[in-house]
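Each remark here refers to the structure printed beneath this line.
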Amino acid sequence: MAFFVHADGKMQTVSLGVRDDHQKDVLIRRIREKALAEDIYAVIILTEMDDKHGVLLSGADSGMRVSARVEYAFDSQKKGAISWKISWLNQPVQNVFLDGIFDKAR
């Protein structure tokens, strides 16, 4: 998932799906183009982690990058998360979808 945050606080959400490296390269370019064309304030990418109960949030704006790990407990009977814990990481995790996203040079 990608979240595009506008300066006025509005947010757009886009589902990301990649089948091969070519699609990945196109998606990286499209995210960057959207951020620049729509004067997006920040972009947040939600990535599933290898373990089955965690996700990684990576965010960037024109001046900084941050990352956080979200661990959650899942109740299969209720089919939803029943608890979660967020941990901010000391160093942002590299995310190819955010690399150079706010660079003005094309």
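The values are calculated or read from the model by the stated rules, or taken from the named source; none is laboratory data. Just so you know, these numbers come straight off a predicted model, no measurement behind them. All Cβ positions, even for glycine, are placed from backbone atoms using ideal geometry, and neighbour counts span all protein chains on display.
Leu27 falls short of the stated requirement of being assigned to a loop (DSSP other than H, G, I, E, B) and within 14 Å of the chain's Cα centre (by Cα).
When each of Ser67, Ser76, Ser87, Ser62 is tested for being touching a Gly at 6+ places or on another chain (Cβ under 8 Å) and among the polar types (S, T, N, Q), the lone residue that passes is Ser67. Of the residues making up region 15-29, those that are exposed (fewer than 13 other Cβ atoms within 10 Å of the Cβ) and of a type in the set (A, V, I, L, M, F, W, C) number 1.
Go through the residues of region 52-60 one by one and say whether even a single one is part of a loop (DSSP other than H, G, I, E, B) and of a type outside the set (Val, Ile, Thr). The answer is yes; a qualifying residue exists. On the given criteria, is Arg32 surrounded by 12 or more Cβ atoms within 10 Å (Cβ to Cβ), touching a residue at least 24 places away in the same chain (Cβ under 8 Å) and of a type in the set (D, E, K, R)? Here the answer is yes, as Arg32 does meet what is asked. For region 35-80, filtering for residues that are among the charged types (D, E, K, R), loosely packed, with under 10 Cβ neighbours inside 10 Å and at pLDDT below 85 leaves 5.
Condition (residue is part of a loop (DSSP other than H, G, I, E, B), surrounded by 13 or more Cβ atoms within 10 Å (Cβ to Cβ) and in contact (Cβ under 8 Å) with a residue 40 or more places away in the chain) applied to region 81-92: is it met by at least one residue? Checked region 81-92: no residue is part of a loop (DSSP other than H, G, I, E, B), surrounded by 13 or more Cβ atoms within 10 Å (Cβ to Cβ) and in contact (Cβ under 8 Å) with a residue 40 or more places away in the chain.
Hey, any hits in region 71-80 for a residue that's of a type in the set (Lys, Arg), in contact (Cβ under 8 Å) with a residue 12 or more places away in the chain and not in a strand (DSSP E or B)? No: zero hits.
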